[in-house]
Amino acid sequence: MIEIAVTPTATLNASKVAIQLNSAQEFGMQFSVAAFGKVTVDGEEVWGQNPLYSGLLNVTGDAWNNWGSDQDDATYVGDLALAQLGLERAPVEEAPAEGTE
């Protein structure tokens, strides 16, 4: 499974997208895509149980033909799913340097 932290939008208030392979054929693949948001339970933010979005991503035609070795598979499929949903990857938080507080 591919999980991607995303920046919520006004259209889709999701913070995480999960992508899983459903099926593969000779010239294509199909993935299930689910987007999850955070909810507050007892004053603590947790992932919602039910997805805010659930759908399919079909990688065929030009998307299949353009799949090359210039980036890893998870990044390529993730970018296709995010483009379909109109979402962007969340900025990566840098860990503080060791020895600094």
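The values are calculated or read from the model by the stated rules, or taken from the named source; none is laboratory data. Predicted, not measured: the structure shown is a model, and the values here were computed from it. Glycine gets a Cβ as well: all are built from the backbone with ideal geometry, and neighbour counts include every protein chain shown.
Residues in region 42-83 that are in a strand (DSSP E or B) and of a type outside the set (Gly, Ala, Ser): Glu44, Glu45, Val46, Trp47, Tyr53, Leu56, Leu57, Asn58, Val59.
The number of residues in region 7-60 that are over 16 Å from Leu82 (Cα atoms) and without any contact (Cβ under 8 Å) to a residue 24 or more places away in the chain comes to 16. Please tell me if Ala81 is exposed (fewer than 15 other Cβ atoms within 10 Å of the Cβ), closer than 15 Å to Ser15 by Cα, in contact (Cβ under 8 Å) with a residue 40 or more places away in the chain and out of contact with any helix residue (DSSP H, G or I) (no Cβ under 7 Å at 6 or more places or on another chain). Against the criterion (exposed (fewer than 15 other Cβ atoms within 10 Å of the Cβ), closer than 15 Å to Ser15 by Cα, in contact (Cβ under 8 Å) with a residue 40 or more places away in the chain and out of contact with any helix residue (DSSP H, G or I) (no Cβ under 7 Å at 6 or more places or on another chain)), Ala81 does not qualify.
Condition check ((1) surrounded by fewer than 10 Cβ atoms within 10 Å (Cβ to Cβ); (2) modelled with pLDDT of 95 or more) across all residues:
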{"residue": "Ile2", "(1), (2)": "no, yes"}
{"residue": "Leu21", "(1), (2)": "no, yes"}
{"residue": "Thr40", "(1), (2)": "yes, no"}
{"residue": "Trp47", "(1), (2)": "no, no"}
{"residue": "Leu56", "(1), (2)": "no, yes"}
{"residue": "Asn66", "(1), (2)": "no, no"}
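Each residue in region 27-41 was checked for being touching a helix residue (DSSP H, G or I) at 6+ places or on another chain (Cβ under 9 Å) and in a strand (DSSP E or B), and 5 of them qualify.
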